[in-house]
Amino acid sequence: MSPSLSDRRILITGGTGSFGQTMVARLLDAGAGEVRVLSRDEAKQEALRIRLRDDRVRFYLGDVRDLDSVSKATRGTDYVFHAAALKQVPSCEFFPLEAVRTNVLGSANVVDACERNGVSALVYLSTDKAVYPINAMGMTKALMEKVAQAHARNNPGARTRVCSVRYGNVMCSRGSVIPLFIEQIRNGMPLTVTEPTMTRFLMSLADSVELVEHAFSHGQPGDIFIRKAPACTIGDLATALCNLFEVPAKFDVLGLRHGEKLSETLASQEELARAEDFGDFLRVPVDSRDLNYSLYFEEGDTSRDRRLDYTSDNTTRLTVPEVMSLLLTLPEIRQHLDHESLSVGRS
Ligand SMILES: O=c1ccn([C@@H]2O[C@H](COP(=O)(O)OP(=O)(O)O[C@H]3O[C@H](CO)[C@@H](O)[C@H](O)[C@H]3O)[C@@H](O)[C@H]2O)c(=O)[nH]1
């Protein structure tokens, strides 16, 4: 990962989450001088402290909603990765203002604290749900991306270079559907499938970290980096897991949850028209025209592009055997399967 990390101080907000923990380990391996974790839950911090046992890791209790706590954690750092967020679609539907406080105002606090403290690079973690958002989680993440872009556009001499990354569902992340389905399989229950034809992008935790590293190394102020990914239907995902665990595929079809879409969009056609293609990644630069309306009138955007949005319906669609192969590449799935075969061996 460049720029160089040796002897650098890096802060990860939400550092005890699935992404955060992976990133902490990567940064330590890459020779970071100090890795700070800012999060709200002292028990999760203690568990991570015990697991890592590395005195380069420092823990800050606090909340991104509180500028003072972000400011203290940010002081003296070189780089910040902002992963703290309210991420569950259904709960944000019931408490949208909580999502505004954490995902929008909290993210604004993070960029303010970085700018005040002279942090040189900041990466915001966003989601496909921020494109054409229909739920509070996606809407607040879309606004978070706008906060990053506005910071870049309004502050040409900014001390902090801020960019965002956007990706789809991370397989096996905490609280997501794959661990839930595995739990149901273990308990001999039918899988609670919301809608079998619904599609989602599939990404590994390692892919998400790689995208963040790419943004960190190559991002210009206000850029959004998007990870391309294959997708599958939730029915095929559930079938693939049942096949791997060698149980019959039995589903309880529940119907869509609050705020859910049948498919997700990673990049809109307007963004694709401006995007630069890096193979596995897309870079969408900020629209840097200024707020001078007379100029807009004379210099509006006349480019036309009729390409389609990039969605979980029109990306590469994985079949059940392909989903099984992909799942088998994940350490979490292999651990579960090893554990399963050990228990069968014992019984
Ligand atoms: O009991 C369940 C729960 C979920 N699903 C479906 O499984 C898919 C994935 O659900 P889940 O793992 O809960 O993820 P999402 O609601 O898609 O949201 C996740 O993926 C986003 C990226 O799209 C992240 O931004 C969010 O933080 C993360 O929670 C969806 O189609 C759900 O309808 C089921 O079929 N049965």
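The values are calculated or read from the model by the stated rules, or taken from the named source; none is laboratory data. Predicted, not measured: the structure shown is a model, and the values here were computed from it. Virtual Cβ from ideal backbone geometry, glycine too; neighbours counted across all protein chains shown.
Quick notes on this one:
Okay, residues lined up against (1) touching a helix residue (DSSP H, G or I) at 6+ places or on another chain (Cβ under 9 Å); (2) closer than 22 Å to Cys172 by Cβ:
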| position | (1), (2) |
| --- | --- |
| Val193 | yes, yes |
| Thr199 | yes, yes |
| Asp223 | yes, no |
| Leu241 | yes, yes |
| Val247 | yes, yes |
| Glu271 | no, no |
| Arg274 | no, no |
| Asp280 | yes, yes |
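- Criterion violated by Leu256 - all others in (1) in contact (Cβ under 8 Å) with a residue 40 or more places away in the chain; (2) buried (at least 18 other Cβ atoms within 10 Å of the Cβ); (3) near the ligand (Cβ under 10 Å from one of its atoms) satisfied: (2)
- With respect to (1) modelled with pLDDT under 95; (2) not in a helix (DSSP H, G or I), the lone exception for Ile10 is condition (1).
Here is a yes/no grid of residues against (1) surrounded by 18 or more Cβ atoms within 10 Å (Cβ to Cβ); (2) under 23 Å from the mean Cα position of the chain (by Cα); (3) modelled with pLDDT of 95 or more; (4) among the aliphatic types (A, V, I, L, M):
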{"residue": "Leu262", "(1), (2), (3), (4)": "no, yes, yes, yes"}
{"residue": "Glu270", "(1), (2), (3), (4)": "no, yes, no, no"}
{"residue": "Arg289", "(1), (2), (3), (4)": "no, no, no, no"}
{"residue": "Ser294", "(1), (2), (3), (4)": "no, no, no, no"}
{"residue": "Ser303", "(1), (2), (3), (4)": "no, no, no, no"}
{"residue": "Ser312", "(1), (2), (3), (4)": "yes, yes, yes, no"}
{"residue": "Leu328", "(1), (2), (3), (4)": "no, yes, yes, yes"}
{"residue": "Val344", "(1), (2), (3), (4)": "no, no, no, yes"}
{"residue": "Ser347", "(1), (2), (3), (4)": "no, no, no, no"}
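- Residue match in the stretch 146-162 (condition: farther than 19 Å from Ile224 by Cα and out of contact with any Gly (no Cβ under 7 Å at 6 or more places or on another chain)): yes
- Selection within the stretch 133-144 - in contact with a strand residue (DSSP E or B) (Cβ under 6 Å, 6 or more places away or on another chain) and surrounded by fewer than 22 Cβ atoms within 10 Å (Cβ to Cβ): none
- When the residues of the stretch 198-226 are filtered to those that are among the small types (Gly, Ala, Ser) and surrounded by fewer than 18 Cβ atoms within 10 Å (Cβ to Cβ), the one that is farthest from the ligand (Cβ to nearest atom) is Ser217.
- Residue ID - nearest to the chain's Cα centre (by Cα), chosen from residues in the stretch 188-233 that are within 25 Å of Val247 (Cβ to Cβ) and of a type in the set (S, T, N, Q): Ser204
Every residue, every condition in (1) within 14 Å of the ligand (Cβ to nearest atom); (2) in a strand (DSSP E or B); (3) at pLDDT below 95; (4) crowded, with 20+ Cβ neighbours inside 10 Å, yes or no:
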{"residue": "Val110", "(1), (2), (3), (4)": "no, no, no, yes"}
{"residue": "Ala158", "(1), (2), (3), (4)": "no, no, no, no"}
{"residue": "Ile178", "(1), (2), (3), (4)": "yes, no, no, yes"}
{"residue": "Pro196", "(1), (2), (3), (4)": "yes, no, no, no"}
